[in-house]
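Here's the structure we're looking at; comments come further down.
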Protein chains: 2
Amino acid sequence: VREITLDDVEDLALGAVVLGTGGGGEPYVPTLMVREALRTHGPVPVVRPDELDPEGLVLPLGIIGAPTAAAEKLFNGGESRAALRTLEDCLGRKGVAVMPIEVGGGATLLPIAAAAELGLPVVDADSMRRAFPKAELTLLNLAGISASPLVLVDAENNTVVVHGIDTPAVERLARPVVVEMGMIAICAAYALTGAQVNEFAIHGSLTYCIELGRRMRAIREGDADAYPQLLEFTGGRLIFTGKVADIERRTVNAWAVGTLTLEHLQDPDRVLRIDFQNENLIAMEAGVPLVTVPDLISLLDAETGTPMTTEALRYGQRLQVLATPAHERWHQPDGIALAGPRSFGYDLDYVPFGGTR
Amino acid sequence: VREITLDDVEDLALGAVVLGTGGGGEPYVPTLMVREALRTHGPVPVVRPDELDPEGLVLPLGIIGAPTAAAEKLFNGGESRAALRTLEDCLGRKGVAVMPIEVGGGATLLPIAAAAELGLPVVDADSMRRAFPKAELTLLNLAGISASPLVLVDAENNTVVVHGIDTPAVERLARPVVVEMGMIAICAAYALTGAQVNEFAIHGSLTYCIELGRRMRAIREGDADAYPQLLEFTGGRLIFTGKVADIERRTVNAWAVGTLTLEHLQDPDRVLRIDFQNENLIAMEAGVPLVTVPDLISLLDAETGTPMTTEALRYGQRLQVLATPAHERWHQPDGIALAGPRSFGYDLDYVPFGGTR
């Protein structure tokens, strides 16, 4: 895509929920925010990474915290601009473009609203091609680019800037601030040059998100070919169809942590258990892990095809479980080490994805 | 005093422990640091608040966290400079002088070492004329001067900058960062002009601390008149002589919180109970509060006259309890509201100090 218009917002939001893999936050309020910004400021130009000034400063923006809180807490609308301005002040220069840190949930949409407000283009790229629950889980970190300085802004306009000696230190110091900010904050971090975006970020993530959303919309509209087209587009497969039997969830350290249990629709003896930390981490049936991070485990309402966040699930709801391979860079050994099951504390190896992608 | 030399360090450290009222941190390591800095860079000029450039930027520096941690954790020696440089960067201008946020424990000494290293004078003033356990407990806060931006630096050189919408928000957001930094951090905050120092800070606090230390040294040296002279100088009184029967202490949210129990030396049925949160808050005998914050409750070894931090106490040690009235500004209604027993969660009114000061 060359620009983001009001017509793209629905597809973006649908795609972002799939890539949010249960987390990433409800897109409802961010959708309103981006629509308002596009109405006021007009379409946002989209630049490809290879079109960026190689020396130009790119400003990555995202949301950090528990989606539970994002669903309950209002934004004041000024946080994104405040975060990006503070990041610019820290670095002593102005940005040339805004980039989403992740495509996944509301965190995909806010950077577009911020770009519109600041009169900047948005880069067609992100740092993960999905949502992840920790600041260090990015391909930028794998490339040795620091998350520091990381700027947090809350709905009261408190601002905290974390300069860590490394990216795990940034995450470690930012996390309790996010808790104190009410479990959710707007986050600007990983400031980088156009050349670095071109070399290390994932190209085309906004386009991918919109294309994915378009296919989700086709499913919702009842297009008979829509599911096969979705699977072909994503390289994914549907691994389970079941109804919500249980959701156990608690907020720990500004993460929504828990387990979703699905009972198979045809065979109630079959049970799928999905562990999540904001995002879905592992889908396991009868003690056998079927899909694990960094691959994507997304939930779709079985009747309407609507992609679902964990927050929005209700008891008894019928779901399709969609598994999608992560971006290939995540499948390298260092990608698995950074974002595989062991990095989330599981004594479990990554399960290679059987897809064809 | 017009300059701080190596000869002043011992008196400064002795006075600082008295004004630290049990908290403020062991002065041992900060004493070594200030001696090293004075040896390398020479004496530090002391300026009076009324000598400061009214427009000049003054850089207040202190320590935040649990004294328990300060006693166990090494500094790297560069934190103070890093904190002050970051504060200057945030404000986009250079400082003209360093000021201790508090006179009390090691937090009195580090600003002098930092001033020596930066080639700046130190201001003969502070913001409380004692030590207190929260960033908002300063006369600068009472005067409406914000603690924000507050800079925290740890021994690994991680740096966090908190811009709060008000000073309680700064304290609230800084506290969990201090916990994550290992319960202790160097802190630069309350940046202000020379004119503001002159109008709102407490004048002469370093001189007071050295003079107090000189009297403590006279006690240690066995001077017969030394105790009366101490009481005359401080307006204080000795309220109890007892031995340490119990210390209950835990680290909560980067504070050392607990209760010290003293048994009277002559009459073991008399028991004094001193509650502390880093600093001693309330001295109570038979359920009757004798002295409360903001007035000072300090502990002196009964045999040697050495002022003691809570950390350094040992079971059975004989202590004199010295009560001293706080600076008169703290006795105004807004001072009592900010720093009286109720602000520490006690359902207890301030007990007016019977002293003559």
Quiz item: For region A:140-275, what does the alpha-carbon gyration tensor say about shape, rounded, prolate or oblate, given a ≥ b ≥ c as the root eigenvalues, a/c under 1.5 as rounded, and a/b over b/c as prolate?
Solution: oblate
Quiz item: Quick one: label points 7 angstrom along Cα→Cβ at A:D50, distances to the other copies in nm, smallest first?
Solution: 7.2
Quiz item: Computed on protein heavy atoms with a 1.4 Å probe, what is the summed buried accessible area for the chain pair B and A, in Å² to the nearest 100?
Solution: 1600
Quiz item: About its Cα centre, what dipole magnitude does region A:70-221 give when the only charges are +1 on Lys and Arg Cβ and -1 on Asp and Glu Cβ, stated in debye to the nearest 20?
Solution: 340
Self-check item: Qualifying aspartates and glutamates (Cα of each under 12 Å from Cα of A:K134; at least 8 residues distant if same chain)
Solution: A:E102, A:E171, A:E279
Exercise. Only Lys, Arg, Asp and Glu count, each charged at its Cβ (+1, +1, -1, -1), so figure out the dipole size of the protein assembly as shown about its Cα centre, rounded to 20 debye.
Key: 240
Quiz prompt | Inter-chain shielding of A:88-94 (mean C-beta neighbours from other protein chains, 10 Å cut-off) | solution = 1
Quiz prompt | Interface residues in region A:168-205 - accessible area drops by 40 Å² or more relative to the isolated chain, probe 1.4 Å | solution = A:R172, A:L173, A:P176, A:E180
Practice problem: Could you let me know the centre-to-centre spacing of region A:17-68 and region B:163-222, using Cα atoms, in angstrom? | Solution: 42
Quiz item: If the cut-off is a Cα-Cα distance under 15 Å, which aspartates and glutamates reach A:K94, setting aside same-chain residues fewer than 8 apart in sequence?
Solution: A:D53, A:E55, A:E117
Quiz item: Can you pull the percent of region B:188-306's accessible area that's carbon plus sulfur, 1.4 Å probe, other chains left in place?
Solution: 46
Exercise. Go through A:293-300, B:47-54 and give me the packing order, highest mean Cβ count within 10 Å leading.
Key: A:293-300, B:47-54
Quiz item: Roughly to the nearest percent, how much of the accessible area of region B:1-153 is carbon and sulfur, given a 1.4 Å probe?
Solution: 51
Self-check item: For a label point 7 Å along the Cα-to-beta-carbon line of B:L265, residues of region B:1-40 with backbone N under 11 Å
Solution: none
Practice problem: Could you do me a favour and compute the accessible area per residue for the protein assembly as shown, 1.4 Å probe, result in Å²? | Solution: 36
Quiz item: Straight-line reach from A:K243: which aspartates and glutamates have a Cα under 18 Å away, not including same-chain ones fewer than 8 places off?
Solution: A:E263, A:D267, A:D269, A:D275, A:E285, A:D301, A:E303, A:E311
Quiz item: With chain B treated as a Gaussian network of Cα nodes joined by springs under 10 Å, which of B:Q332, B:Q266, B:Q196 yields the largest mean-square fluctuation?
Solution: B:Q266
Self-check item: Relative contact order for chain A, counting Cα pairs under 8 Å that sit 6 or more residues apart, in percent
Solution: 21
Quiz item: Shielding of A:153-163 by partners, i.e. mean partner chain Cβ atoms within 10 Å per residue?
Solution: 6
Practice problem: Please give the calculated 222 nm ellipticity per residue for chain B, where each DSSP H segment of at least 4 residues contributes -39500 (n - 2.57) and the sum is spread over every residue; nearest 500 deg cm²/dmol? | Solution: -9500 deg cm²/dmol
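The values are calculated or read from the model by the stated rules, or taken from the named source; none is laboratory data. Source: prediction; values computed, not measured. Virtual Cβ from ideal backbone geometry, glycine too; neighbours counted across all protein chains shown. Surface areas here come from the heavy atoms of the whole protein model, side chains and all, with no ligands, DNA or RNA. Shrake-Rupley method; radii C 1.70, N 1.55, O 1.52, S 1.80 Å.
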